[in-house]
Structure formats: structure tokens, C-alpha cells
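Only one structure is covered here, and it is reproduced in the block below.
No value in this document is a laboratory result; all are computed from the given coordinates. A quick note: this is a predicted structure, and the numbers were derived from the prediction, not measured. We place every Cβ from the backbone using ideal geometry, glycine too, and count neighbours over all the protein chains shown.
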Amino acid sequence: MQVGIPSVLQSYTSGASVVEANGNTVAALLMDLDARYPGIRFRMVNEADTLRPHVRVFVNRESISDLECAVSPDDEVMILQALSGG
Amino acid sequence: MSEQPVSQGGRAFEPMPEPAAIDVNRRTTFSLGGLALLVGTKKGVFFLTANASRKRFQLSGPAFLGHIVHHAVLDPRDRRTLLLAIRTGHLGPTVFRSTDFGGTWQEAAKPPAFSKPKDARRSTVVEQVFWLTPGHAAEAGVWYAGTSPEGLFRSEDGGDTWQGVAGWNDHPNWIVWTGDMTQRNPDGSPVHSILVDPRDARHMYFATGSAGVFESIDQGAHWNLLNTGMRSPAGPDPFPEYGYDPHCMTLHPLAPDLLYQQNHCGIYRMYRPEARWIRIGDNMPRDVGDIGFAIALHPRDPKTAWVFPMDGTDVWPRTCPAGRPAIYRTRDGGDSWMRLDRGFPEHAWYTVLRQSMAVDESATIGVYFGTTNGEIWGSIDEGDTWRCLAAHLPHVYSIEVAHFNR
């Protein structure tokens, strides 16, 4: 499925804003993303397997917090990075 | 690339050349001549390359524009490998490494990260990689990293993969020594000042802002507190076993039993066989005090050190006392201090952080520091006179000197 990548992570995807990745859950999707673009997952997910603050994952335009959320090939997945501070 | 003259000290700065932004994957473009200052800032890493006389400095960078660079360190063993401790806004912390001094960069395949906790109270994650220390000269490729919260990590492959030092990260007293996770410092509470005894790779020290100084004689398998002699400024017990805040600690490379530290409250020296910190900051002028972050040692004279005092009165502004910037130098191990302010503006209100002062190894030692308002200052006469080498940079977190021709 296609995954939207925020600009702050596009150094991992050679500048691509949308990439292909597979998985039955968001967690699996992020693991596959990391296999394709090494290092990208740890910038979004910490060692406790929790999304880092200000990182959001939207599945079909709905924000999800449970990485075990199921996804299917037709879903639209978008990763967003909020910014705050100077 | 032509060299640009440095701006002169004083109130008026000469306009600095506009730094050319570079992509992280593009080459930096400075020569590997004599020495360079590696400047970690809130918005990337900059490089100030000196000519042979150190009268001209060429600014280049930023590399990793927009990334928080807490520490940039060149491996003194090969003088080619450069490691950066990086965090990007709200993204996770990591380490970038270059084996051709900035020609190309690779992210660590396995950045520092805590192991999965067995105890929910210890459920914590690395928020930033704060400190980098090359390992012993005989251990090529070994590096140590200090993180916030207080983690200690080791790499044996030049910074590509990192493993937690279990003797510290999993110590039964870790939660006691590191304190309440809800009471963290605004910029984090890191392991810092990781020191390796040049005589023995197994003998190490580090410091934290929550407990104090730790020592290991078995390469990190076990750690013991080394706080005797320090005085706590608050609390019912002035001499608790732990609960001190060393800001920067260093040992002398030629006299490794001699340790110095700039503490949150005081400047201290320890001769390790005596195992007692002596407050040499009591010899500073009373109206200046001995509060500060950074301390640097003369690489050939164990009795010479430099500090940059901060204002520790009332609400602790931690800017230059009375707004009058000055370095203080001791030539006698802290028994006396000399104020050095030739070249500084009459008033300035910046802070010099713990990693932001460094010295070179030239015949006449150069001393350098960076400020939170983005200035780099240098002296090539051991602190007697000062010049502003660069201005208008981001908030400076760290400065390291890199020598290429030794």
C-alpha cells in the first residue's frame, strides 16, 4: 500500500513523499518501511514500541494510536510530523 | 575556497560570510589542513577551519541544517571518523557517522536505545544522545555515548551499532540515582563527561546531574560513587552520598589521576588516590563565584585550567556575572585565578554550556568557547586576548577541536 511520508523523514526515502510498504498492521507496516528505508522507524517509534510525541499515523484519515491497528492494501496511510517550539 | 578574515572582538562584529547550506548527503568543502573547531548547535553542525597561524578561520556548514547536534567529535585515533549526536525536532535521537570527515554520512544502524524494561518503573526511552567519547587508544573503533535520560552505551564498530552498558543501565540503583522521571531537567538529564583512563581502558568515569560522579575499574561492569568532598547547596544533609550535579568533568591526559570538575555549585579538583574533591572554586573572587558549566585543561600542564563563570545569584540567571563576560584561568591547580577579558564586549548576557569550551594542542594553547547566542570566541595566547571567530550562529551546544596533522 502507499504510505505518505512527511518532509522530515524524506531524507530516508530519497525525497519521496509517498512510498510503498506492506503489512497487516500499522506496526508491521512500519517494520516493512524500516526494512526498505533503514533507520526510519526508530525516528518515529521509540524502544518501548510507542509512537514518539508529535508523530501521528493516519489510516484512511483517522488518527490511530494503537500500532496493532489492522490495515489492508486499499487503505490510505499517512505519517505526519507535528512541529512545535523554535 | 579562499579564507576569510575573522571578525575582531569588541562590540561591533564584522559581517560574517553567509554560510552555504548543504544537504546532509553532500560533501562539506573545507581543507584538512591544521585544526578545525567542530561546532554542535541547535540547528546543525558548523566547522571553523584554522590556517596555520590560527589567525584566520574559515566557517563552513551547516551540515544537518535543522537537526539538533549536541556533540560532534573526531576520532583522535584515526583522525578521519567523525560522529555526531543528533536529534531532529521531535523525531528520535540517533548518531550519524562519517569516515571521511564529512564527505559522506551514514546513520548508525543501531542507535543507542534502552533494552526493553522488565520493570514498568524503568520504562524509559532515550530522548537524546548527548555525549560522545572515543574509547581507549588501544581499542580502535570503541566509542561511548551518554544519553538523556541517563544511559551509557558502547560501540565497538566505530559508532555503527550501540549496546547498552548493562553495569550502569541495569544497575539495581539506577532508578534511585536517576531520580523521579517526572522531574527531569528542561534539556534532559544526561550521562556526560565519560572519561577513559589513558593508562587503562577498564578504568572509567562519568557524571550525571542527578547523582554525581561514578567510577568503574572493570570497563563498566560495576560502578561506584565518587562524590566525597562535594557539598550539596540544598537539602538537610550538605554531604549526601549522592545527589550532586557535576556539569563538566575532565581528567588530565598526562596526569590521569588528576580530575577537575565544574559543578553546578563549585569548581573542584581531585587527586584520585586521595578520593576527595577539593573545592578550588573557593579561591575565585567572591563577587564572581564559582558557578558555571564548562572547564578545560591545558593539555601539557596539569595545573592550568580555564572556566567561564556564570551568575548563580538569586534566581540563577546563569549568564555572565553582572553581564560582564570573562574567562578565569588558573596556573596553580586552582589555588588562584586570573580574570581574562581582553577582547570581550563590556556586557553580554549569554551562557557557555558544558560542552562548549575546548583547547587545542598548539605550542601556545588555543582556547575556544561557544555561546548560547551563537558566537564562537577564540584565544591563541592561552586566554590573554580574545577574538570573535564567528557570530550569528544558532545556540551553541558544543565545541570540539579536531587536529588533522598530528
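For the stretch A:2-81, what is the relative contact order in percent, using Cα pairs closer than 8 Å and at least 6 residues apart in sequence? Write down the numbers at each step before the final one.
Values: 123 pairs, mean separation 27.2, N = 80.
The normalised contact order for the stretch A:2-81 reaches 34 percent.
Figure the gain on full extension for B:His347 and B:Arg324 (residue separation times 0.36 nm, minus the Cα-Cα span) and round it to one decimal in nm. Don't skip to the answer; put the middle values down first.
Working: separation 23, 0.36 × 23 = 8.28 nm, distance 0.48 nm.
In short, 7.8 nm is gained.
In whole angstrom, how far apart do the alpha carbon centroids of the stretch B:82-105 and the stretch B:341-359 sit?
Measuring centre to centre over Cα atoms gives 27 Å.
For the residue pair B:His392 and B:Asn224, what label-to-label distance in nm results when each label sits 7 Å from Cα along the Cα-to-beta-carbon direction?
Rounded to a tenth, the inter-label distance reads 5.5 nm.
Among B:Tyr260, B:Ala211, B:Val129, pick out the residue whose Cα is farthest towards the positive end of the charge dipole of chain B, where Lys and Arg carry +1 and Asp and Glu carry -1 on C-beta, about the Cα centre.
Positive-end residue among those listed: B:Val129.
Can you pull out the trypsin sites (Lys or Arg not before Pro) in chain A whose DSSP state is coil and whose Cβ has at most 12 other Cβ atoms within 10 Å?
On the way: sites: A:Arg36, A:Arg41, A:Arg43, A:Arg56, A:Arg61; in loops: A:Arg61.
Answer in residue order: A:Arg61.
Using all Cα-Cα distances in chain B, what percent lands in each 10 angstrom bin from 0 up to the longest?
5, 24, 35, 27, 9, 1, 0
Could you compute the longest span of chain B free of GluC sites (Glu not before Pro) located in DSSP loops and having at most 12 other Cβ atoms within 10 Å, not counting the site residues? All intermediate terms of the calculation are to be shown ahead of the outcome.
Values: sites that count: B:Glu241, B:Glu346.
Between the exposed loop sites, the longest stretch runs B:1-240.
Given H placed 1.01 Å from N in the peptide plane, which residues other than close sequence neighbours of B:Val126 have an amide H under 5 Å from its amide H?
The answer is A:Glu47, B:Phe114.
What does the extension gain come out to for B:Glu139 and B:Arg202, with contour length at 0.36 nm per residue minus their alpha carbon separation?
Values: separation 63, 0.36 × 63 = 22.68 nm, distance 1.09 nm.
Fully extending the segment from B:Glu139 to B:Arg202 adds 21.6 nm.
Answer rounded, prolate or oblate for the stretch B:257-327, using the Cα gyration tensor with square roots of eigenvalues a ≥ b ≥ c: rounded when a/c is under 1.5, else prolate when a/b is larger than b/c, else oblate.
On the way: a/c = 2.60, a/b = 1.73, b/c = 1.50.
Prolate.
In deg cm²/dmol and to the nearest 500, what is the mean residue ellipticity at 222 nm of chain B if only DSSP H runs of at least 4 residues count, each as -39500 (n - 2.57), divided by the residue total?
Numbers: 2 runs with 9 residues, N = 406.
That comes out to -500 deg cm²/dmol.
How many angstrom lie between the Cα centre of the stretch B:291-326 and the Cα centre of the stretch A:20-63?
The distance from the Cα centre of the stretch B:291-326 to that of the stretch A:20-63 comes to 44 Å.
Considering only DSSP states other than H, G, I, E and B, which GluC sites (Glu not before Pro) in the stretch A:28-68 qualify as loop sites with at most 11 other Cβ atoms within 10 Å?
Values: sites: A:Glu47, A:Glu62, A:Glu68; in loops: A:Glu47, A:Glu68.
Qualifying residues, ordered by number: A:Glu68.
Partner chain Cβ atoms within 10 Å, averaged over the residues of A:50-56 - can you pull that number for me? Don't skip to the end; give the middle numbers.
Details: counts 2, 0, 6, 2, 3, 3, 0.
Mean number of neighbouring Cβ atoms from other chains: 2.
Take every Cα-Cα distance within the protein assembly as shown, group them into 10 Å bins from 0 onward, and report for each bin the whole-number percent of pairs it holds.
Going out from 0 Å in 10 Å bins, the protein assembly as shown shows 4, 20, 29, 26, 14, 5, 1, 0 percent.
Which trypsin sites (Lys or Arg not before Pro) in the stretch B:51-96 pass both tests, a DSSP loop state and at most 13 other beta-carbon atoms within 10 Å? List each step's numbers first, then the result.
On the way: sites: B:Arg54, B:Lys55, B:Arg56, B:Arg77, B:Arg79, B:Arg80, B:Arg87; in loops: B:Arg54, B:Lys55, B:Arg77, B:Arg79, B:Arg80.
The qualifying sites are B:Lys55.
Quick one: dipole size for the protein assembly as shown, taken about the Cα centre, charges +1 on Lys/Arg Cβ and -1 on Asp/Glu Cβ, in debye to the nearest 20. Present the calculation step by step, with values, prior to reporting the outcome.
Working: 45 positive and 55 negative charges, 187 e Å.
Charge dipole of the protein assembly as shown: 900 debye, to the nearest 20.
Using the basic label-point model (7 angstrom from Cα toward the beta carbon), what is the A:Arg36 to A:Glu68 distance in nanometres?
2.5
So what does log10 I(q)/I(0) come out to for chain A at q = 0.20, 0.23 Å⁻¹, using the Debye formula with one equal point on every Cα and no solvent?
The calculated log intensity ratios at q = 0.20, 0.23 Å⁻¹ are -0.88, -1.21.
Between B:Glu274 and B:Arg331, with labels modelled 7 Å along Cα→Cβ, what's the label distance in nm to one decimal, could you check?
Simple spin-label model gives 2.2 nm for this pair.
What number, in percent, do you get for the relative contact order of chain B if the mean sequence gap of Cα pairs under 8 Å and at least 6 apart is divided by its residue count?
Working: 1125 pairs, mean separation 54.5, N = 406.
Dividing the mean separation by the residue count of chain B yields 13 percent.
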